[in-house]
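Input: a single structure, listed below in structure tokens.
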Amino acid sequence: MPTKRRGDQLRDCSVSLPLDILWLPKAAMRPIGPPDTSHSECVLIVGVSRPKLAALFLSVMLLSLFLTFHILYDSAVYSIQAATAISENKIAILTNHIPNPPTINHPVVFPNRIHFPKTSRRLPQCLIIGVRKCGTRALLEMLYLHPRIQKAAGEIHFFDRDENYLKGLEWYRKKMPHSFRGQITIEKSPSYFVTPEVPERVRAMNATIKLLLIVREPVTRAISDYTQLRSHAATATLPQQQSLSSTSPLSRSFEDLAILPNGTVNEAYRPLAISQYHVHVHRWLEVFPREQLLVVNGDQLIEDPVSQLRRIEDFLGIEPRIGSNNFYFNETKGFYCLRNETGDKCLRETKGRKHPRVDPVVVSKLRKFFVEHNQKFYELVGEDLGWPEE
């Protein structure tokens, strides 16, 4: 058979394809190893000389690498979160998908889909609006025992202080704790209750927010308020010329401050003014419907916390999780302390101060004064708290 010339071989190996592909005769390449007559006479050489096609190939390769690493990353994250979440008893509940959702201690797995719960800072869905010296701090700490509750640290005073309110909702949101979807964030600032502009400001943020109002027997609350004010004044560092004197209001007895020289009740005395609950709650009920406000009995919260917490759990629409096993009575302090799986906790020493002895005649006089005010409060909230009338 006559041997083809080199030029003829190159022409015979040319193929018309959309890619830059060249077929070369084996004779044009230096052979490696012994000749193999079973191989074809042509060798495929592929090259890319078009810039757009090269960019396409590079993009496909990079996308493939990204998808591969993403799948590996998701698998690793799933394994880590599934292990750590169980050990740390973290809870993520999807209330939009599961009626009466159970406690979930790991990422939620659906068919063909894995959900990794993420936390974020959310504006509060519930506020403890007051009342001062009625157990707002104790109530917040008790509710925090529930896995569906997250609490803001400290009192933010966003709605009652203009300098904070002017900073805007984004500033307020950043003061909130991180929470899972399905958890309820609660903030408490007792002065919200008595500040006139607060109800409208709260509604502007969230018209459907839940409100918790904890109250105590008005005279007991006023004495507790007096005790705290006097304690703060005694421990504050004041200049010598401002030190407490016999003429200072803070050095006077509760009786002297609550009863005027003519024997009538000093209604303007702030601890007594705050205890006139109907004056303040009226403003809130002008802005919010009654069903969005729950009145918590602070006196019963001290004696039997679980019964009041059951009412709150129902009000917030969360499953009952706080029970008698979460409390123990501290004989030294004289009130209940908190307990969970990580340990015991009591409120700080400034809580539960011992009240000064108040003349029983003055106490009786004040209780008679509050009968009318209490009745107005009962009518507004639709609930009789049964406070003593003398």
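The values are calculated or read from the model by the stated rules, or taken from the named source; none is laboratory data. Everything numeric here is computed off the predicted structure, so don't read it as measured data. Positions of Cβ are backbone-derived with ideal geometry, glycine not excepted, and every protein chain shown enters the neighbour counts. The area values use the complete protein model at the heavy-atom level, side chains included, leaving out ligands, DNA and RNA. Shrake-Rupley method; radii C 1.70, N 1.55, O 1.52, S 1.80 Å.
Below are the figures for this structure:
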| item | result |
| --- | --- |
| When residues of the range 113-128 are limited to those that are in contact with a Lys or Arg (Cβ under 8 Å, 6 or more places away or on another chain) and surrounded by 14 or more Cβ atoms within 10 Å (Cβ to Cβ), the one modelled with the lowest pLDDT | 117 |
| Filter result for the condition that a residue is in contact with an Asp or Glu (Cβ under 9 Å, 6 or more places away or on another chain), open to solvent by 30 Å² or more (accessible area, probe 1.4 Å) and not acidic (Asp, Glu), over 216, 203, 230 | 216 |
| Residues within the range 169-181 that are out of contact with any strand residue (DSSP E or B) (no Cβ under 6 Å at 6 or more places or on another chain) and open to solvent by less than 20 Å² (accessible area, probe 1.4 Å), tallied | 1 |
| Failed item in (1) open to solvent by less than 50 Å² (accessible area, probe 1.4 Å); (2) closer than 20 Å to residue 133 by Cβ, with residue 378 passing the rest | (2) |
| Top-ranked residue of the range 303-345 - restricted to ones that are polar (S, T, N, Q) and part of a helix (DSSP H, G or I), ranked as farthest from residue 291 (Cα to Cα) | 325 |
| Residues of the range 119-168 classified as at positive phi and without any contact (Cβ under 8 Å) to a residue 12 or more places away in the chain, total | 2 |
| Residues of the range 132-160 classified as open to solvent by less than 20 Å² (accessible area, probe 1.4 Å), outside any loop (DSSP other than H, G, I, E, B) and not aliphatic (A, V, I, L, M), total | 2 |
| Among (1) within 11 Å of the chain's Cα centre (by Cα); (2) farther than 29 Å from residue 282 by Cα, the one test that residue 145 misses | (1) |
| Residues located in the range 161-190, provided they are touching a helix residue (DSSP H, G or I) at 6+ places or on another chain (Cβ under 7 Å) and part of a strand (DSSP E or B) | 184, 186, 188 |
| Unmet criterion (only one of (1) in contact with a His (Cβ under 8 Å, 6 or more places away or on another chain); (2) open to solvent by less than 40 Å² (accessible area, probe 1.4 Å)) for residue 321 | (2) |
| Any hit, the range 331-338, residues being modelled with pLDDT of 95 or more and among the β-branched types (Val, Ile, Thr) | no |
| Residue 261 out of contact with any Leu (no Cβ under 8 Å at 6 or more places or on another chain), open to solvent by 80 Å² or more (accessible area, probe 1.4 Å) and part of a loop (DSSP other than H, G, I, E, B) | yes |
| Selection count, the range 335-366, where residues are surrounded by 17 or more Cβ atoms within 10 Å (Cβ to Cβ), charged (D, E, K, R) and within 16 Å of residue 299 (Cα to Cα) | 0 |
